[in-house]
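No value in this document is a laboratory result; all are computed from the given coordinates. A quick note: this is a predicted structure, and the numbers were derived from the prediction, not measured. Ideal geometry is used to build each Cβ from the backbone, glycine not excepted, and the neighbour counts take in all protein chains shown.
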Amino acid sequence: MTPGTSPRSTSPAESVRSRNATRATMAQFFVNGATFATWGVLIPSVKERFALSDAVLSLAMLAVAGGALLTMGQSGKWIARVGSARALRQAGILYAATLLLIPLAPQFWMLVALLLVFGSAMAAFDVAMSVQAALVEGQRTRPIMSTLHAMFSIGGIAGAALGALPGLSPLAHAALVGAGTLAVALSIGPFALPDATHDETTGAGGADGRARRMVLVLGGIAFLALVCEGGMYDWAAVYMRDVAQSPAAWVSYSYAAFSTGMAAGRLTGDRIRARIGGLRTLAWSGAAGAAGIALAAGWPVPLAAGWPVPLATMAGLLLAGLGIANLMPIFFLAAARVPGMAAAESIAAVARFAYVGMLLGPVFIGGVAEHLGLRVSFVGVSLVMVVVALFGGRAVRRFI
């Protein structure tokens, strides 16, 4: 079954295959989250090893995003040509290898080049994984996409927690996580669902103008959603400290509140979508995200003299996470179902918009905050989420 067809009843053999494919795809999301989190944990050791300033270190961080953005389009075409299962195997091998090499890079310029490749491998793995996720959902009688994305978050927690083990060197950390990613990549073949491949030379994989317009609309909405998500991740702690004036010990809990909301939203999102449908889920998710950010912006003060912590801000960030959590799973599922365009190419195109939104969102918020204050920036982000709630349904109506 290809993405875009409705779930159907299955035979016992098909049910077994669907369960195996679901577990394999969960493993892909898990190791992807663990690998990306491991890079985050390695950053301090990279800074220390090369004695980097914060500005130069940011170039290394930008290299990962740059590698992903520069190759996302070509990755989509390659995956459409060779199939997502083969792409997962090859991209996974490269993903694991580059992670292992990060602690071994002898010079900074080599590290930057390596991180460009790491970002490219991550993007290819991400797109191929999302194609498999859409295929898995198409085989099942109930939604699964949000749960799969939750596995990415759980993998990220596991990858970060592994790095906190006493006595574990950066190289050992990278080797352990890389070995897990490699094992998943090499074992995916028997469990992956087949997807149609497209040979560019025949024109079979080419998208018509209508399909490209649909993807452009989806990408635009995804961009706005990720502006909000990226902004909350990067600015929640600063807002908690500078605007809500929280005690220092509670500042980091703002990030935890938003992350907890994201994880809980994705773990429950499939059941919600099965009950009320994708369009209502998207609308209510956007509304919850907007309300949460507005609550954080509108009431950044302690509730009472006996409660020095601004609990309303914490509750707002938790609600924002719950709302934002299921937006991208729905957008990726819709992208996989765009008619007239290979799923890998449409997912890659939407993912590119999303990556840009994630990168630029914090920059936009910082620019507005410089002139009008961070509280006003949060109000603006809330209004952006209102736009997603109002118009997101129109973008995905044909596909969900």
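Could you tally the net charge around residue 155, taking each other residue with its Cβ under 15 Å from the Cβ of residue 155, Lys/Arg +1 and Asp/Glu -1? That sum, taken over residues with Cβ under 15 Å, equals +1. Build a GNM of the chain with springs between Cα atoms under 10 Å apart, and of 238, 227, 131 the one that fluctuates most is 238.
Peptides 212-224, 324-336, 280-292 ranked from most to least packed by the mean count of surrounding Cβ atoms within 10 Å: 324-336, 280-292, 212-224.
For the peptides 165-177, 27-39, residues were scored by their other Cβ atoms within 10 Å and the scores averaged per peptide; the highest-first order is 27-39, 165-177.
Counted by Cβ distance under 15 Å from residue 363, the other residues give a net charge of -3, where Lys and Arg count +1 and Asp and Glu count -1.
Rounded to the nearest whole Hz, the Karplus-based 3J(HN,Hα) values (6.51 cos²θ - 1.76 cosθ + 1.60, θ = phi - 60°) of region 97-102 follow the sequence 5, 5, 4, 4, 6, 4, with x at glycine and proline. What the phi angles of region 345-359 give under the Karplus curve with 6.51, -1.76 and 1.60, with θ = phi - 60°, is a coupling list of 5, 5, 5, 4, 5, 5, 4, 5, 4, 5, 4, 4, x, 4, 6 Hz, glycine and proline written as x.
With the dipole of region 16-84 worked out from charges on the C-beta (+1 for Lys and Arg, -1 for Asp and Glu) around the Cα centre, which of 79, 63, 21 lies farthest toward the positive end? Farthest towards the positive pole: 21.
Dipole magnitude for the chain: computed about the Cα centre from +1 point charges on Lys and Arg Cβ and -1 point charges on Asp and Glu Cβ, it is near 1120 debye. The C-alpha radius of gyration of the chain, expressed as a fraction of 2.2 N^0.38 Å, stands at 0.97.
With θ taken as phi - 60° and the Karplus curve 6.51 cos²θ - 1.76 cosθ + 1.60 applied, the whole-hertz 3J(HN,Hα) list for region 210-227 is 5, 4, 5, 5, 4, 5, 4, 5, 4, x, x, 5, 4, 4, 5, 4, 6, 4 Hz, x standing for glycine and proline. Here the label points at residue 47 and residue 23, each 7 Å from Cα along the C-beta direction, are separated by 4.1 nm in the simple model.
Over the residues of the chain, the helix contribution to mean residue ellipticity at 222 nm works out to -28000 deg cm²/dmol, using -39500 (n - 2.57) for each DSSP H run of at least 4.
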